[in-house]
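Read the figures in this text as sums done on the coordinates, not as results from a lab. Note that the coordinates shown come from a computational prediction; the quantities given were computed from them, not determined experimentally. Reconstructed Cβ throughout: ideal geometry from the backbone, glycine too, with neighbour counts over all protein chains shown.
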Amino acid sequence: MNKQFEKELAAFHGMKYAIGVGNGTDAIWLTLMALGIGAGDEVITHPNPFFATAETIWITGATAVLVDCDPKTNQEILCHCFYSGPCGRLA
């Protein structure tokens, strides 16, 4: 049944393959593995999602880089990844 679902899902999205997983943790982990993320890599993520997001990054051997979120726009503030302290001031 799962093989048929994967085949139909792939066809629906115009893809050659699709993989069904049991939960979001598995989906994130497989995605990171498919992208070749591992030791020495850094993955930007938000500090407030379910802990499994950071856990899957850790499982691959990569480092989770937590970034802030602007409360007005809900956009991640990426400058904190490159600068220490307020945006625009080099560490």
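Filter region 1-48 down to residues that are surrounded by 11 or more Cβ atoms within 10 Å (Cβ to Cβ) and within 30 Å of Asp68 (Cα to Cα), then give me how many there are.
Residues in region 1-48 being surrounded by 11 or more Cβ atoms within 10 Å (Cβ to Cβ) and within 30 Å of Asp68 (Cα to Cα): 21 in total.
List the pairs whose first member sits in region 9-22 and is in contact (Cβ under 8 Å) with a residue 12 or more places away in the chain, whose second member is loosely packed, with under 10 Cβ neighbours inside 10 Å, and whose Cβ atoms are under 8 Å apart, counting only residues at least 6 apart or on separate chains?
Note: pairs meeting the criteria are Gly20/Asn2.
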